[in-house]
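> Dumping the structure here so I can ask a few things about it.
The values are calculated or read from the model by the stated rules, or taken from the named source; none is laboratory data. Small disclaimer: the values here were computed from a predicted structure and weren't measured. Neighbour counts are summed over all protein chains in view; Cβ atoms, including those assigned to glycine, are modelled from backbone coordinates with ideal geometry.
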């Protein structure tokens, strides 16, 4: 044959799952979007239309809902581990990848305290979890946060960069820095697969370290910000091996008010979305040696 | 001539405005999307290409940024009043409409308290303000909230509805009710144009009344929920003359887990976006008499 | 009671309907998004949770699919008429509104001609139809086109407009004019309710008149363009009583290449989406008299 | 140091470029969204805030517009090659990646033929080109098509798949297959870097082969469809080394009309977007040997 199958995977995306746990005093609400993908021995599916080895993506969806009945009792990561191990146990599979996006809700606050059964979608951000299990049991757990829109109104500069014939950008020692954070981080496999690993606690402390660092540091570039925030996150959590951030630089341009007889001491800005800078970097622990 | 000009308006939309007020101890951040629209004597513009009466939409944009320099010191509504009165003062204008969508940010919380110069976009919802001023000075101020996603996990039923040959929906006395609230309300003009009207305070109390009511009431339909929540908002704030809500009914379907040997006591749901119910109703004070 | 119900309507939105007619030689594909809304005597639903008069939005959805089985044989407008008349026949209803958005597909072109059973989504635009039927049988039929993105690369100017202290825009006698057309038009009721009214033919001729006019005319403003194109559409089709267009002015800014030692004779532009002008105008036949 | 920099790249995204070439008889319109990304020796930027090696993303944007002045005369790929070679020539860069999305427009058709200066955005799909040049001159050129929504109304089945306790999907020997195609393909470097390589001609023939194959083949799974269409594309074009497709399976569910006393011989469907299957596979030429 002239052709061969290269890299391939398939699965079900956008499985929208909401669970309500109905305790005696109050309800607990979870809201996730789940995606399942499988890799394995799928050559015959592609090349000869032989579906014997195909786990239907509809079956994947059913499995997610069935597992949600009594196995979604802890963190998104633990639920992902259950699912990924299940899918990796199909003999045809070499690798199962389960991606979970958890959408945060909080209880409505009333004058009598928190409502037991009324909720409001809180925040634009979402929590990410991604679990990969391979045929031999090897396991990767990645956590993250997405769509976290933040701004520093000072302590951000951009100077000393290369200038060539196409450079017109002035140097600025005080600018707005705005971005929509997508940060992911990888856990040490031995720790993440331990029965008592506290995924929720680590996630909270890691994102708090991110926010603390965001507020505290002086940024000479978005690149340096990733380094500073990423290392702060690993300082806070020894279980984290690497941090990756993909940060758009959402430019805010100071409006020239001089034509209207007004000054603008960096108070009035145009917020823009395109074009935007895009900075993608991974920071990791240095291997001992 | 065979044809004539009917209703018309024009203006500038999606004016993205960010302001930073740089106090000695901390910065204040505002983030708005503004739209300006004018109605007036624009027949010749359309029918004979005579632009003498046209205020360019670019000029509208400039005006918004110029006014933001020193007149955006209070609520979105007051800023809108300043802008709408300015545009309504052009002789050609019969009516100026300024719509403002304010995007909420909160300070980053650190172990040392709130950051003075680092912010995070909070919530999916936005605050709405719309100000209309006509040639004679007549003024309407409308406030609102948009994109407020909420869910009641009980105290919602839907029974007793009409059944015909196309009806298959079972009656349910306990269901999830999820919606993305868009609520707007109109203020009494005499109160809203008083110099000391507390737009921010009223907005907070009104939306708190909405949330309290959302959590407390038993809903026999989305329509009844609008009535209950709308009247609660007007009970809380005498300055409000009417409340309008446009609520999608974002259906959550209970998953049938029986094929997998599992029960589902209303714990596992599919969250859907289309199709959705859409309920649009206005509740208003009854005229005395 | 202190409060009363004001304007209200409810219904089902985003009903996604695809039909395949399986002829002996080839299939025909239709793709629509339908919304149904009802107005009527719904006071008790809102104020006392009495659902006896409620036609469930789920029933509306079922009705759309059931009617699609054998009544979607002609134009979107005729299907909308069938649906709207059905809903308006409920005694509780004073008015039924059916909005249809038809998404165009075309057959895949192969070397052997058009494929009988393979289709490609053609164009970004969609066809609009909106039918309103009231209790007394009064009927309005509106047609339209949406999301039709067009550009004129010359024969567009903008000069002679008002200048004040906030005006910085230079006059230009040759600019790009780009917009995403949303145009709707209303038919004479007597013609649109005649059994043999050719909705498809009229739609094609009307949109062709729009395109011819778009290409041919010199535009001194977007407002004038609406007048010119709208009157051309009514010239072409006597059944049309009015045309409304809502046109964003999607600005294209000429890039200043002088810093790089290059001229720019209106060849290189930045395409922008925000802010944008927004022009909304209706042109109608002048009443005889 | 405890930490080190891992994989990283940065650049400018969403550079919106429109060009108009003003010939004596007619204008030519191009519309692209360009992204530039660089890899190289950027350790000091991240770890010590030293920006000396940083080519500002604003400079990248300027360069794209400057190059567009007189070097965007042929295909997107050739423009991408010019840009990528320019960026790769910075000593600090080890690799430059230029991604181009070209948005198709066609001339407005009038009764007098094609308009010389009026255009309509045609189709939802876009053309992709991605050029990577590394420090040593190594060059990869990838082309593609995105957002091409297609449907087969027959000649698609899905049977014989694995069944386990979570499987409820019935086997179907005739179903709708709908997807939004994203297909990319890689050219042999020696051919793609030859001065006279006809990127436009190859793109047209490749996408035509895709469409022919789409219409002609019987699909036993989306996986098999990728294999069949991908190999057909390589059969048609010897310059292509591999084809990758990422295809969502946009499910269309046959509506059960039995409750309404109607049959449904696969004529009425609900079109859905979530959840969806997602099939990602690469087909490549087998190495000789």
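> Name every residue in the stretch C:148-164 that is assigned to a strand (DSSP E or B) and crowded, with 16+ Cβ neighbours inside 10 Å, in order of residue number. Working first, answer last.
Initially, the stretch C:148-164 is screened for residues assigned to a strand (DSSP E or B), giving C:148-152, C:156, C:158, C:162.
Within the stretch C:148-164, C:148, C:149, C:150, C:151, C:152, C:156, C:158 qualify.
> Could you list, in sequence order, all residues of the stretch A:57-72 that are facing chain D (nearest Cβ under 7 Å) and either out of contact with any helix residue (DSSP H, G or I) (no Cβ under 9 Å at 6 or more places or on another chain) or touching a residue at least 60 places away in the same chain (Cβ under 8 Å) (or both)? Can you show your working first?
Our first condition is that a residue be facing chain D (nearest Cβ under 7 Å); within the stretch A:57-72, this holds for A:57-59, A:61-63, A:66.
Scanning the stretch A:57-72 gives A:57, A:58, A:59, A:61.
> Restricting attention to the stretch A:2-22, and to residues there that are at the interface with chain D (Cβ under 7 Å from one of its Cβ atoms) and touching a residue at least 40 places away in the same chain (Cβ under 8 Å), which single residue is farthest from residue A:59 (Cα to Cα)? Give the steps one after another, and end with the answer.
So in the stretch A:2-22, the residues at the interface with chain D (Cβ under 7 Å from one of its Cβ atoms) come out as A:2-16.
Filter once more, so that each one left must be touching a residue at least 40 places away in the same chain (Cβ under 8 Å): A:5, A:9-12, A:15.
Details: A:5: 24, A:9: 16, A:10: 13, A:11: 10, A:12: 9, A:15: 12 Å.
For the stretch A:2-22, the residue satisfying everything is A:5.
> Within the stretch A:259-269, does at least one residue satisfy the condition of being surrounded by 21 or more Cβ atoms within 10 Å (Cβ to Cβ) and within 16 Å of residue A:149 (Cα to Cα)?
No, the stretch A:259-269 contains no residue that is surrounded by 21 or more Cβ atoms within 10 Å (Cβ to Cβ) and within 16 Å of residue A:149 (Cα to Cα).
> Quick one: count up the residues across the stretch B:23-56 that are more than 16 Å from residue B:96 (Cα to Cα) and more than 10 Å from chain C (Cβ to nearest Cβ). Working first, answer last.
So the first thing to find is which residues in the stretch B:23-56 are more than 16 Å from residue B:96 (Cα to Cα), and the list is B:23-33, B:43-52.
Filter once more, keeping what is more than 10 Å from chain C (Cβ to nearest Cβ): B:23-32.
Count: 10.
> Being part of a helix (DSSP H, G or I) and farther than 20 Å from residue D:57 by Cβ is the filter; apply it to the stretch A:212-228 and report the residue that is farthest from the other protein chains (Cβ to nearest Cβ).
Step one: filter the stretch A:212-228 for residues part of a helix (DSSP H, G or I), giving A:212-216, A:222-228.
If we keep only those that are farther than 20 Å from residue D:57 by Cβ as well, we get A:212-216.
Values: A:212: 5, A:213: 10, A:214: 6, A:215: 4, A:216: 7 Å.
Across the stretch A:212-228, the extreme among qualifying residues is A:213.
> Pull up the stretch D:185-204, narrow it to residues that are part of a loop (DSSP other than H, G, I, E, B) and touching a strand residue (DSSP E or B) at 6+ places or on another chain (Cβ under 9 Å), then point me to the one that is surrounded by the most Cβ atoms within 10 Å (Cβ to Cβ).
First, the residues of the stretch D:185-204 that are part of a loop (DSSP other than H, G, I, E, B): D:188, D:193-198.
Subsequent filtering for residues that are touching a strand residue (DSSP E or B) at 6+ places or on another chain (Cβ under 9 Å) retains D:188, D:193, D:197.
Numbers: D:188: 15, D:193: 16, D:197: 20.
Once the filter is applied, the top-ranked residue is D:197.
> Going by the conditions given, is residue B:143 closer than 30 Å to residue B:193 by Cα, in a strand (DSSP E or B), modelled with pLDDT of 95 or more and not assigned by TED's automatic domain parsing to the domain that holds residue B:210? Even if it seems obvious, please write down each step before you answer.
Details: closer than 30 Å to residue B:193 by Cα: yes; in a strand (DSSP E or B): yes; modelled with pLDDT of 95 or more: yes; not assigned by TED's automatic domain parsing to the domain that holds residue B:210: yes.
For residue B:143, the condition - closer than 30 Å to residue B:193 by Cα, in a strand (DSSP E or B), modelled with pLDDT of 95 or more and not assigned by TED's automatic domain parsing to the domain that holds residue B:210 - is met.
> Ok, one more. Just checking, which of B:283, B:255 is crowded, with 20+ Cβ neighbours inside 10 Å and over 20 Å from the mean Cα position of the chain (by Cα)?
Details: B:283 fails: over 20 Å from the mean Cα position of the chain (by Cα).
Being crowded, with 20+ Cβ neighbours inside 10 Å and over 20 Å from the mean Cα position of the chain (by Cα) holds for just one of B:283, B:255, which is B:255.
> Same structure again: Answer yes or no as to whether residue D:209 is assigned to a helix (DSSP H, G or I) and out of contact with any helix residue (DSSP H, G or I) (no Cβ under 9 Å at 6 or more places or on another chain).
Working: assigned to a helix (DSSP H, G or I): yes; out of contact with any helix residue (DSSP H, G or I) (no Cβ under 9 Å at 6 or more places or on another chain): no.
Judged against the criteria, residue D:209 is not a match.
> Can you tell me which of (1) at positive phi; (2) surrounded by 24 or more Cβ atoms within 10 Å (Cβ to Cβ) is the one residue A:55 doesn't meet?
Going through the list (1) at positive phi; (2) surrounded by 24 or more Cβ atoms within 10 Å (Cβ to Cβ), residue A:55 breaks only (1).
> Could you check the stretch D:67-103 and list, in sequence order, the residues that are over 21 Å from the mean Cα position of the chain (by Cα) and crowded, with 22+ Cβ neighbours inside 10 Å?
Residues satisfying the conditions are D:68, D:87, D:88.
> Kindly indicate whether any position in the stretch B:263-274 is modelled with pLDDT of 95 or more, touching a strand residue (DSSP E or B) at 6+ places or on another chain (Cβ under 6 Å), over 20 Å from residue B:173 (Cβ atoms) and within 14 Å of chain C (Cβ to nearest Cβ).
yes
> Let me ask you something else. What number goes with the only condition from (1) away from chain D (no Cβ under 14 Å); (2) under 21 Å from residue D:29 (Cα atoms); (3) surrounded by 16 or more Cβ atoms within 10 Å (Cβ to Cβ) that residue C:133 does not pass?
(2)
> Can you tell me which of A:182, A:175 is more than 13 Å from chain D (Cβ to nearest Cβ) and outside any helix (DSSP H, G or I)? Can you show your working first?
Values: A:175 fails: more than 13 Å from chain D (Cβ to nearest Cβ).
One residue alone meets the criteria, A:182.
> Looking at (1) facing another protein chain (nearest Cβ under 7 Å); (2) in contact with a helix residue (DSSP H, G or I) (Cβ under 7 Å, 6 or more places away or on another chain); (3) assigned to a strand (DSSP E or B), can you tell me which one residue B:167 breaks?
Residue B:167 satisfies all of (1) facing another protein chain (nearest Cβ under 7 Å); (2) in contact with a helix residue (DSSP H, G or I) (Cβ under 7 Å, 6 or more places away or on another chain); (3) assigned to a strand (DSSP E or B) except (3).
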